[in-house]
Ligand SMILES: Cc1cc2nc3c(=O)[nH]c(=O)nc-3n(C[C@H](O)[C@H](O)[C@H](O)COP(=O)(O)O)c2cc1C
């Protein structure tokens, strides 16, 4: 179980929350290698590891081998357990500069980047890639082979091309294909929303692990579900307790002054957009044919009063109101998010 790199979503207090809820391997938000090399403050903050993160990888984006190598050294000095190369970022601004998914058409350059990073650090170098630039011309096999040849320790495949974005389900057959052909661990990524998805995809493909992205933003306790192989149907008050815990961790990180509170509010609002997509439907009640993709926003069951209604509403006004209520609410959060799961486990 690997927490995916998530720009903005993978902020340090949120990763701490996820570790309390069972995440064991965590990854930083994408950091731009050239900014890390210049020591730019915002980028350096992305390399920070929380003490409770047992295995924390820093994801780097760049196209110049020497720059990626230097940035890897800096990440290693700051405590990274591994460094990961971003070959998936779809954003035009970066792709035009030859960064992220643009590298999926340049297998040789990927090999040079991985080789330079390997040379520069003692920690493992991993690679996270897509199927290719577009679906018609998948390049993942040649890019993966170049990475392996250059010394990559593991490869994550997100089974979509850059052009596909999230429109269709991720292709896990491609993950199975890579597992068969590579001598190193392959981690599969795409559409893991329930523990059943994780088990089924691992059994079907033989992958060494699964990486979870949006599932961890919608349902931060997904790692506990995968760990225990059961659904945890959290009540609105349980979910509120998790939000309070996040608020407390975020306050600790961003500071308990006006500026800090502003940041906590901003991040709460951001997270609530994903959090609101949760529907307490046990996954075994949904047939595989109608299993909703994560990106499908299921309609709320019905309008509900109070905070529960706010939790389910999918509009900015509700998120703003809820974030303000959570921020100003004097009720302390639980000492650990794990307490919420323990209470369910020891319940009637
Ligand atoms: C908000 C958000 C931010 C993301 N940021 C990154 C990133 O910084 N680096 C990266 O490699 N992938 C990033 N991704 C892609 C995810 O890591 C993952 O590959 C993709 O969402 C598919 O997994 P999922 O179906 O579990 O969401 C991001 C995805 C989301 C939704």
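Each value in this text was obtained by applying a stated rule to the coordinates, not by laboratory testing. Not measured: the values here are computed from a predicted model. Positions of Cβ are backbone-derived with ideal geometry, glycine not excepted, and every protein chain shown enters the neighbour counts.
Starting with the fewest neighbours, write out 89, 37 ranked by other beta-carbon atoms found within 10 Å of each beta-carbon. Kindly include the intermediate steps, with their values, before the conclusion.
Values: 89 22, 37 19.
In increasing order of surrounding Cβ atoms, one gets 37, 89.
Most tightly packed first, judged by the mean number of other beta-carbon atoms within 10 Å of their residues, the peptides 196-209, 147-160 read 147-160, 196-209. Any chance you could give the angle, 0 to 90 degrees and rounded to 10, that helix 236-254 forms with the longest Cα principal axis of the chain? Roughly 60 degrees, rounded to the nearest 10. Computed extension gain for residue 315 through residue 167, at 0.36 nm per residue and net of the alpha carbon distance, reaches 51.1 nm. Residue order for 331, 126, 7, 27, fewest other beta carbons within 10 angstrom first, comes to 331, 7, 126, 27.
How far is helix 65-77 tilted off the main Cα axis of the chain, in degrees rounded to 10, range 0 to 90? With rounding to tens, the tilt is 50 degrees. Each peptide in 74-84, 253-263 gets a packing score, the mean of other Cβ atoms within 10 Å over its residues, and the list from highest to lowest is 74-84, 253-263. Maximal additional length on extending the residue 343-residue 257 stretch stands at 27.7 nm, based on 0.36 nm per residue less the C-alpha distance. For n ≥ 4 DSSP H runs only, could you compute -39500 (n - 2.57) per run for the chain, divide by its residues and tell me the 222 nm figure to the nearest 500? Calculated from helices alone, the mean residue ellipticity at 222 nm is -13500 deg cm²/dmol.
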